[in-house]
Number of protein chains: 2
Amino acid sequence: MSKALPTRSENYSEWYNELVKRADLAENSAVRGCMVIKPYGYSIWEKMQRALDDMFKETGHSNAYFPLFIPKSYLSKEASHVEGFAKECAVVTHYRLKNDPNGKGVIVDPDAKLEEELIVRPTSETVIWSTYKNWIQSYRDLPLLINQWANVVRWEMRTRLFLRTAEFLWQEGHTAHATSTEAVAETKQMLEIYAQFAEEWMAMPVVKGRKTENERFAGAEDTYCIEALMQDGKALQAGTSHFLGQNFATAFDVKFQDKDGKLEYVWGTSWGVSTRLMGALIMAHSDDNGLILPPKLAPIQVVIVPIYKNEEQLSQISDKVSEIVKDLKKLGISVKYDNNDAYKPGYKFAEYELKGVPVRLAMGARDLENGTVEVARRDTKTKETVSLDGIALHIQSLLDNIQESIYNKALAFKNENTFRADTFEEFNSILDTTGGFVLAHWDGTSETEEKIKEETKATIRCIPLDQKQENGTCIYSGKPSAGRVVFARAY
Amino acid sequence: MSKALPTRSENYSEWYNELVKRADLAENSAVRGCMVIKPYGYSIWEKMQRALDDMFKETGHSNAYFPLFIPKSYLSKEASHVEGFAKECAVVTHYRLKNDPNGKGVIVDPDAKLEEELIVRPTSETVIWSTYKNWIQSYRDLPLLINQWANVVRWEMRTRLFLRTAEFLWQEGHTAHATSTEAVAETKQMLEIYAQFAEEWMAMPVVKGRKTENERFAGAEDTYCIEALMQDGKALQAGTSHFLGQNFATAFDVKFQDKDGKLEYVWGTSWGVSTRLMGALIMAHSDDNGLILPPKLAPIQVVIVPIYKNEEQLSQISDKVSEIVKDLKKLGISVKYDNNDAYKPGYKFAEYELKGVPVRLAMGARDLENGTVEVARRDTKTKETVSLDGIALHIQSLLDNIQESIYNKALAFKNENTFRADTFEEFNSILDTTGGFVLAHWDGTSETEEKIKEETKATIRCIPLDQKQENGTCIYSGKPSAGRVVFARAY
């Protein structure tokens, strides 16, 4: 709290890094690329987990747990999968250390070499489908609707807290179905759940769409995604849902007997969101003073700070506050009364602003006299003096209001920063000024997509689900196109 | 479900292994020693997690997340810690695979060797205390009360589902304090929480005590534990809570400035329970027909099976059942109506018996006429016909009753199988006949403890907290002793 945050306009990237650390969300660990998620940050993640987990269960999914380690040979069984993941994985080769004969700590024991190396899971399709082989014999065993909350490791070279870390936490759903239609429906259903979660809980509007072949998950037939827009005009992929076709079933020989007794390969899906969502949450809403958290995900929704000159005043304020606290808790609102004497109110105000507590109440001598309390909103920084009469209900509706208002602000930002470009010049000019989502015609070839990426650093975020039929010409090649896709520079 | 379980008396060990698999709790994976926790098993673990997590939070702890990987050098910083864990750890040495030049899948890329090997955490004291160094400067930063839910890996050579697996899930609490007194109080508090959880949720009575020096956690000054007794007369350590003294603070140079400005090393604790509790839960209560689950941890508390001859009957039963289901859900009771036409009632009865569903309702034609339902208890296998009037409240109190009754049965078993031995002959005879907890005098030396272990395979489970002052002579050495300790053969 000693010095101000860098501002977003000065240095967006530094603003983000500093905010993550100073708001006690996460920090880098001694292990390259691995982060420590601090208690305050983790409590936001727990709220995300709970909300998502409830949604998964409501749609019939169960949780399970599969091994951290994947035999090296498994990874190779699906050709494009190994292509996608072999280049960045942590490999376990030994299972024991021993004392260094030179007396310097411990060394790897060369006698404890594994026969087959193990990969720390970068994602679990292979180990899960190898298990499903034993679980699925008949159409009666289908669908299998399973989710796992787990840590995964991808040895990324350039890492950033939450956005790209070597180890991250996530959930990965892996479902198995008797028909292609059912698997596609599941893929789309989970995309809708992610979109709903992003919008209703994170207050973050998203574009739903399909990835191009280039950007598909390694091993999928089709990848659906939600894409959000950050305040610097860059896109962030916030969740993906994959239709795996029969690829993993074929690779791991998972067949089922259908109602007519015929053996067929099983159809699969997988879908995931990760602690990356924390990065999205932070960047979507926060300002130069700190975090702005949607009330539904805020670990502390209301903080109450007493302003007093002496013990007697403090005691009177505390009496009033304890009633407010009781009433708020009854409504299921999380509230903290900060009567810590070691810090001044001004310091506390700045601290809770930094941490994004949605509503701050302050009570002083005049409030005691008048039966009022000062109510400050973190998102708009507006204050009002409110009667204690019915204060809890007032705050409840204020929290709803804030949730909606944060969403609307983000939605307005997204709308204002979604552009149409009809020429490559226009396209470049948008990317170099405001950034944002750029809707443009594309000829549908990987070649053009790659060239645009090379020249502009913009990628096709998705082919939007609500894509309108519109004949046009590709901004790069001039070839015909039947509809616009969403381009952006991205995290 | 094709053939019966092995019985406990025939082969206790096989009974356990088969039960774990057939009740869909867990199975071995393709990776040696790593298990797959299946959805039904995982849903029990989730209930355990939720209950424990609530208890941790009520006592002021927060969750956080620390890296999976520990630099090899960290492990060596605390001398006895590395002794305890170096011999059984998974070591990551490389961060990339590449295509085999001989065209056979992928091989480890020799150019991607890590400068320093990473250990997959067997426990996180080292990585957490290296982090605490940056978090703790002053007494104002203390206490630090943090818990982590995570997977850990210990490369055990002989593994058994839940009881001993290379990878397991657990929670590990790591707290830091300004004084030794406070840290000891925390250690004891967490032991009490574990005991309370075991007794109130798992319906499993435990002995609370301290470990001998030999059995202490590697790096602790003192280890407290809860020990439970399984039906085969073997003990199972169900949770441990360690007073770390200043050992890890010293190893990682974690000091704080006290109120007088003096720099001191921080005092620490750590405490954990794992998926091993699943093994304890299974072995404490289950019988030759399958699982017996205490209602508080049962994923399905009540199952309802219709018994019908035709569609019309089924439809009438379903109408009645839907009311029962609604009423049960209102009371927070989890209920499943199994109207799957593919299986006969008898099959379903056996299946839910195997899975330990505490209460089974069956409704047939006569029940329809009489306005009744058949209520069967899993634990006692008793049945009664009950009027539908007030059935939900009846079941609610029945569930409470079952929870208590399962506990009382386990308590009686523990009491009946807790013996006092005054000679080594008596001691051996108890171990070789009934097994159980044997209270005996011990001279307090590691030497005697080890000899007894060698000769009898029994270990000192703990020095019980409620140990009575009683002068006697060691059953092995004949030397004086001031109180009895708890011996048993153990898992």
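The values are calculated or read from the model by the stated rules, or taken from the named source; none is laboratory data. Fair warning: this is a prediction, and the values are worked out from it, not measured in the lab. Glycine gets a Cβ as well: all are built from the backbone with ideal geometry, and neighbour counts include every protein chain shown. Calculation scope for accessible area: heavy atoms of the full protein, side chains included, ligands and nucleic acids excluded. Shrake-Rupley method; radii C 1.70, N 1.55, O 1.52, S 1.80 Å.
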Practice item. Of the listed pairs A:326/B:320; A:47/A:383; A:211/B:72; A:234/A:468; A:72/A:211, which have alpha-carbon separations greater than 30 Å here? Key: A:326/B:320; A:211/B:72
Study note, to complete from the structure: Excluding residues fewer than 8 positions from residue A:479 in its own chain, the aspartates and glutamates with Cα under 15 Å of it are A:422, A:443, A:447, A:449, A:470
Practice item. Step through the residues of region B:237-252 one at a time and calculate ³J(HN,Hα) from phi using the Karplus curve (6.51 cos²θ - 1.76 cosθ + 1.60, θ = phi - 60°), rounding each to whole Hz and writing x for Gly and Pro. Key: 6, 9, x, 9, 9, 10, 8, 8, x, 10, 4, 6, 4, 5, 4, 10
Exercise for review: Can you pull the one-decimal nm distance between simple spin-label points at residue B:389 and residue A:311, each 7 Å off the Cα toward Cβ?
Suggested key: 6.3 nm
Revision key, fill the gap. With every protein chain kept in place and a 1.4 Å probe, region B:300-405 has an accessible area per residue in Å² of 51 Å²
Check your understanding: Summing Lys, Arg as +1 and Asp, Glu as -1, what charge do residues with Cβ under 11 Å from the Cβ of residue B:307 carry, residue B:307 excluded?
Key -> +2
Study note, to complete from the structure: Rg (one decimal) and Dmax (whole number) from the Cα set of region B:300-405, in Å, equal 12.8, 40
Check your understanding: So how strong a dipole does region A:300-400 carry about its Cα centre when Lys and Arg Cβ are +1 and Asp and Glu Cβ are -1, to the nearest 20 debye?
Key -> 340 debye
Check your understanding: What is the distance in Å between the Cα centres of region A:174-193 and region B:322-400?
Key -> 33 Å
**Study point:** With Cα atoms, 0 to 90° folded angle of helix B:424-433 axis to chain B main axis
**Key:** 40 degrees
Review point. Once you charge only the Cβ atoms, +1 for Lys and Arg and -1 for Asp and Glu, what is the size of the charge dipole of chain B about its Cα centre, to the nearest 20 debye?
Key: 660 debye
**Study point:** Where Rh is the Kirkwood radius over Cα pairs, Rg/Rh for chain B
**Key:** 1.03
Point to revise | Total accessible surface hidden between B and A, rounded to 100 Å², 1.4 Å probe | key: 5100 Å²
Practice item. At a 1.4 Å probe radius, which order do A:142, A:263, A:236 fall into by accessible area, largest first? Key: A:263, A:142, A:236
Check your understanding: In nm, what does the list of distances from residue A:134 to its counterparts in the other copies look like, shortest first, when each label sits 7 Å along Cα to Cβ?
Key -> 4.2
Study note, to complete from the structure: Once the dipole of chain B is set up from charges on Cβ (+1 Lys and Arg, -1 Asp and Glu), the residue from the list B:356, B:473, B:105 lying farthest towards its positive end is B:105
Revision key, fill the gap. Expressed as a percent, the accessible surface of chain A that is carbon or sulfur, using a 1.4 Å probe and the full set of protein chains, is 46 percent
Revision key, fill the gap. In Å², rounded to a whole number, the accessible area per residue of region A:73-226 with probe 1.4 Å is 37 Å²
Exercise for review: Could you tell me what % of all Cα pairs in the protein assembly as shown have separations over 48 Å?
Suggested key: 31 percent
Review point. Say a paramagnetic label sat at a point 7 Å from the Cα of residue A:342, along Cα to Cβ; which residues of region B:179-204 have their backbone N under 19 Å from it?
Key: B:179-183
Review point. When the Karplus curve 6.51 cos²θ - 1.76 cosθ + 1.60 is applied with θ = phi - 60°, which whole-Hz ³J(HN,Hα) does each residue of region B:34-42 get, with x for Gly and Pro?
Key: 9, 9, 9, 8, 6, x, 5, x, 5
Check your understanding: In region A:57-84, what residues drop by 40 Å² or more in accessible surface going from the chain by itself to the full protein assembly, probe 1.4 Å?
Key -> A:63, A:65, A:67, A:68, A:69, A:72
**Study point:** Computed [θ] at 222 nm, helices only, for chain A once each DSSP H run of length n ≥ 4 contributes -39500 (n - 2.57)
**Key:** -11000 deg cm²/dmol
Exercise for review: Would you pull out the residues with amide H under 5 Å of residue A:204's amide H, same chain only if 5 or more places away, H placed 1.01 Å from N?
Suggested key: A:199
Point to revise | Estimated dipole of region A:102-173 in Debye, rounded to 20 [Cβ of Lys and Arg +1, of Asp and Glu -1, Cα centre] | key: 360 debye
Review point. Amide H of residue A:474: which non-local residues (sequence gap of 5 or more, or other chain) have their own amide H closer than 5 Å, using H built in the peptide plane?
Key: A:479, A:481
**Study point:** For region B:108-254, Kirkwood radius (reciprocal of mean inverse C-alpha pair distance, Å)
**Key:** 17.3 Å
Review point. What residues does region B:22-47 have that are buried by at least 10 Å² of accessible area in the full protein assembly compared to the chain on its own, 1.4 angstrom probe?
Key: B:27, B:29, B:30, B:31, B:34, B:35, B:36, B:37, B:38, B:39, B:42, B:46
Exercise for review: Work out the FRET efficiency for residue A:318 and residue B:133 from their Cβ-Cβ distance, taking R0 = 51 Å, and round it to the nearest 0.05.
Suggested key: 0.90
Review point. Counting Lys +1, Arg +1, Asp -1, Glu -1, what net charge surrounds residue B:168 among other residues with beta carbon under 12 Å of its beta carbon?
Key: +2
Point to revise | Rounded D (µm²/s) - region A:418-488, Kirkwood Rh over Cα pairs, Stokes-Einstein at 25 °C, 0.890 mPa s | key: 209 µm²/s
Study note, to complete from the structure: Given the candidates A:201, A:410, A:4, the one whose Cα lies deepest towards the positive end of the charge dipole of chain A, counting +1 at each Lys or Arg C-beta and -1 at each Asp or Glu C-beta, is A:4
Revision key, fill the gap. Along region A:406-415, Karplus-curve 3J(HN,Hα) (6.51, -1.76, 1.60; θ = phi - 60°) to the nearest Hz, with x for Gly and Pro, reads 5, 4, 4, 5, 5, 5, 4, 4, 4, 5
Point to revise | Reference-scaled alpha-carbon Rg (2.2 N^0.38 Å with N residues) for region B:12-285 | key: 1.08
